[in-house]
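Worksheet for the structure shown next.
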Amino acid sequence: MEDANRSTETKEDDVEFKLYNTMSKKKEVFEPKVPGKVGMYVCGVTAYDFSHLGHARAAVAFDLLYRYLQHLGYEVTYVRNFTDVDDKIIRRANESGEDFLSLSDRYCKEYNVDMALLQCLPPTHEPRVSQHMDQIEDMISQIIDKDMGYIVDGDVFFAVDKFPNYGKLSGQRQENNRAGERVAVDSRKRNPSDFALWKAAKAGEPSWGSEWGRGRPGWHIECSAMSKRYLSPSFDIHGGGLDLIFPHHENEIAQSCAAWEDSHVSYWMHNGHVTNNNEKMSKSLANFFTIRQITERCHPLALRYFLINAHYRSPLNYSVLQLESASEAVFYIYQTLKDCEDALSQLQGDTPSDAEQCIDLQKDFKDKMSDDLNTPLFLTGAFLDALKIVNNLLTMLKKKKQQKQERLSSIQSLAQVEKEVKKVLDVLGMLPPYSYAEVLQQLKDKALIRAGLTEDDLLRTIDERAEARKNKDFLRSDQIRAELQQKGIALMDIGTATTWRPCVPVQQEPEVVAVGEPKPPAESAE
């Protein structure tokens, strides 16, 4: 990581870091409340099942922010909660006969396994609702004492009418709050928009003691209480998915401001939805893919690349083809770096120790990342150009007629570009913890799974094609190549040898039928 004091230095050429603030609906220059330090709270998952692609997108988006803030030199306190007390958890536990906390704990651990696969750094704190009942009860007491909450039969509701700024984040009217609640509208409320801070105990549900009787927290109160516990009432960044703006974050603002006069979040950040056939991916719609399902067939680094290759605020439509494209792009990145590493290891004695910078990839990286984390513009621009430079330099070094000074210059440039590329990959969370050869083999293994082939199957097919070429049966040779390309396998002939790499499956072109010629009947589907 960069020097922790760097953020406090003043440099004329420093680029201002701008983030889009949902509250102001515009990009704003980032200025932390405490120089050199950042407090960030991100709403986590409700742990009752394996996490899906939408959860992965939120986690990767804010991991990217976390990494970049650290890269800029900030000391970051990153808090991401687990909801382990919720209707869905209780219902699932009752159905399976399992203790609800045991069930939730199991899925919290599974979530962290997924996060490790996606190379998301662990947050500073991962609080759970069940462990913060004292803080929640204390906060509700303060809201009641300030006449912003009221008790009805052991339930406690927040009085939205008492908070005149309600709706300032989302622009939603009070009456719309009913559509976003997790419980049915309660006729005992003074206002239909009022939301639950505490729910009275019900038979068959877990409960905790409080001064209003036994019960459990409402949905929204948990994040306000835990963010205050770990960051204070006033902190820098609060993040989550777009669907949390209303009512969850709107209600957080209301109850936090009611409890603490100095409550304030400087920047509200929200990542866009992941859609499946242009419909929001969610468990409630049963149209989701879990992270596990995807990483069984797609390398986790390819999934991370797929997620950061779109701007975090934009909608992202899931498709197998886009994941295939991400896999191909990631294979190209690591193949380029492996070729570079191999070449430099062979030329180590020729590499100058005082190599000068030949490209300023870091400047472009900072320009794009400081513009509200614009990863797609960087990845498809300067980063791709840097990889092309590496491959061009490798080609030049293979030329035997290259003059000594020209050769030294090429080696110097190659070493510097590799260094720059690895730096930005590290900040993007895309630098693998194992060798390039290992990650390339893993990418190939995943490609074989998607193609429905074993490595032995593929090698036999390659041998069959080699025999066809030997017999000058080029029609059969081309047919084999085309069939493999349709499955996402690209063959490369290097002299008499043939190697392969993953590729985006090539769709077979429809057969052209001459005018007036009857079209062949379709084969039976049996």
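Structure notes:
- Any hit, region 315-325, residues being surrounded by fewer than 18 Cβ atoms within 10 Å (Cβ to Cβ), part of a helix (DSSP H, G or I) and either of a type in the set (A, V, I, L, M) or in contact with a Pro (Cβ under 8 Å, 6 or more places away or on another chain) (or both): yes
Table: residues versus (1) of a type in the set (S, T, N, Q); (2) open to solvent by 20 Å² or more (accessible area, probe 1.4 Å); (3) in contact with a Phe, Trp or Tyr (Cβ under 7 Å, 6 or more places away or on another chain); (4) assigned to a loop (DSSP other than H, G, I, E, B).
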| site | (1), (2), (3), (4) |
| --- | --- |
| 62 | no, no, no, no |
| 68 | no, no, no, no |
| 79 | no, no, yes, no |
| 88 | no, yes, yes, no |
| 95 | no, yes, no, no |
| 103 | no, no, yes, no |
| 110 | no, yes, yes, no |
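- Positions within region 47-60 being of a type outside the set (D, E, K, R) and part of a helix (DSSP H, G or I), in sequence order: 53, 54, 55, 56, 58, 59, 60
- Filtering region 427-443 to residues that are over 30 Å from residue 73 (Cα atoms) and touching a Lys or Arg at 6+ places or on another chain (Cβ under 7 Å) leaves 437, 440.
- Summed over region 187-244, the residues that are of a type in the set (Phe, Trp, Tyr), open to solvent by 40 Å² or more (accessible area, probe 1.4 Å) and within 19 Å of residue 166 (Cβ to Cβ) give a count of 1.
- Matching residues, region 460-478, being without any contact (Cβ under 8 Å) to a residue 24 or more places away in the chain, open to solvent by less than 90 Å² (accessible area, probe 1.4 Å) and farther than 25 Å from residue 321 by Cα: 464, 468, 469, 473, 476, 477
- For region 113-133, the set of residues classified as outside any loop (DSSP other than H, G, I, E, B) and buried (at least 16 other Cβ atoms within 10 Å of the Cβ) consists of 114, 115, 117, 128, 129, 130, 133, listed by residue number.
- Just one of (1) free of Cβ contacts under 8 Å to residues at least 60 places away in the same chain; (2) farther than 18 Å from residue 63 by Cα; (3) buried (at least 21 other Cβ atoms within 10 Å of the Cβ) fails for residue 306. It is (2).
- Here residue 425 fulfils each of the conditions (1) open to solvent by 20 Å² or more (accessible area, probe 1.4 Å); (2) closer than 17 Å to residue 338 by Cα; (3) not hydroxyl-bearing (Ser, Thr, Tyr) apart from (1).
The values are calculated or read from the model by the stated rules, or taken from the named source; none is laboratory data. Computed from a predicted model, the values in this text were never measured in an experiment. A quick note on method: Cβ atoms are made from the backbone with ideal geometry, for glycine too, and the neighbour counts reach across all protein chains shown. Heads up: the accessible areas ignore ligands, DNA and RNA and are worked out on the full protein's heavy atoms, side chains in. Shrake-Rupley method; radii C 1.70, N 1.55, O 1.52, S 1.80 Å.
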